[in-house]
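We did not get these values from a lab; they are worked out from the coordinates using the rules stated. Note that the structure is predicted; figures quoted are calculated from it, not measured. Cβ coordinates were reconstructed from backbone atoms using ideal geometry, including for glycine residues, and neighbour counts include every protein chain displayed.
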Amino acid sequence: FTEKTLCDFSGRIECEGPNSRLYQFQGNLVVGAKTVPISPNMVILRGCLLQNTKRVFGAVIYAGHESKIFKNATQTPSKRSTVERIVDKVILFMFALLFSMCMCGCVFYGFWTANRFPDAWYLGPFKTESQYDPDKPVLSAVTNFITVFILYGYLIPISL
């Protein structure tokens, strides 16, 4: 073949569909009435280097994600152990438990401050700071959330 005869070349390639078998290929080059088999030795896979060759004429059979290299590629396995994954789930569960305990305490404390605290004469509701003020139950609830979060923070061990 020369570049001039290649421009006038007309034919088609009949081959198997895209698959992951790197060392197998079944196909034929049909030129007019003549059929020429294409063996795996005649196929260059994506990423291969061809050396010591002045020129090459070829046809692309599969491209992109349809190439044999992409079909053969598998996802890299995780290097994290099963124990690490379990510990991560346990820590997330413990943090969710801590957060839910703090939220429950915060909400109930806010309701108690707004509704019951004025009746608790023994706590001195009229001599209050802003943290325990029955007129500001939201502020009381937020400060209680922070306090409870610090107190219950030991639920999650430092080593984890």
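With θ set to phi - 60°, apply the Karplus curve 6.51 cos²θ - 1.76 cosθ + 1.60 along the stretch 72-78 and write out the HN-Hα couplings as whole Hz, x wherever there is a Gly or Pro.
With coefficients 6.51, -1.76 and 1.60, one gets 7, 5, 10, 6, 5, x, 6 Hz.
Can you list the lysines whose alpha carbon is less than 25 Å from that of K68, not counting same-chain residues fewer than 8 positions off?
Excluding near neighbours in sequence, the set is empty.
What is the angle, in °, between the Cα long axis of helix 137-152 and the longest principal axis of the Cα atoms in the chain? Nearest 10 is fine, range 0 to 90.
Result, in degrees: 70.
Cross-link candidates for K54: which lysines have Cα within less than 19 Å, leaving aside residues fewer than 8 places away along the same chain?
Cross-link targets: K4.
Rounding to the nearest 10 and keeping the result within 0 to 90°, find how far the Cα-based axis of helix 82-115 lies from the longest principal axis of the chain.
30 degrees
I want the local charge near Q26. Using Cβ-Cβ distances under 14 Å, sum +1 for each Lys or Arg and -1 for each Asp or Glu among the other residues.
Net of charged neighbours comes to 0.
Taking only the alpha carbons of the stretch 37-103, what extent do you get along each of the three principal axes, in Å, biggest first?
For the stretch 37-103, the Cα extents along the three principal axes come out at 74, 23, 21 Å.
Among the lysines, which have Cα under 26 Å from the Cα of K89 when same-chain residues fewer than 8 positions away are ignored?
K79
I need the peptides 17-29, 80-92, 47-59 ranked by packing, meaning the mean over residues of other C-beta atoms within 10 angstrom, with the highest value on top.
17-29, 80-92, 47-59
Calculate, in whole percent, how much of the Cα-Cα pair population of the chain lies beyond 24 Å. Present the calculation step by step, with values, prior to reporting the outcome.
Details: 8405 of 12720 pairs.
Here the tail beyond 24 Å accounts for 66 percent of pairs.
Once you keep just the Cα pairs under 8 angstrom separated by 6 or more residues, what percentage relative contact order results for the chain?
16 percent
Can you list the residues, at least 5 places off or on another chain, whose amide H is less than 5 Å from the amide H of G27, using H built in the peptide plane?
Residues meeting the amide H criterion: I38.
Go through 8-16, 98-106, 141-149 and give me the packing order, highest mean Cβ count within 10 Å leading.
Ranking the peptides 8-16, 98-106, 141-149 by packing returns 141-149, 98-106, 8-16.
I need to check one value: relative contact order of the stretch 3-72, counting alpha carbon pairs closer than 8 Å and at least 6 residues apart, in percent.
Numbers: 74 pairs, mean separation 23.5, N = 70.
Once normalised by length, the contact order is 34 percent.
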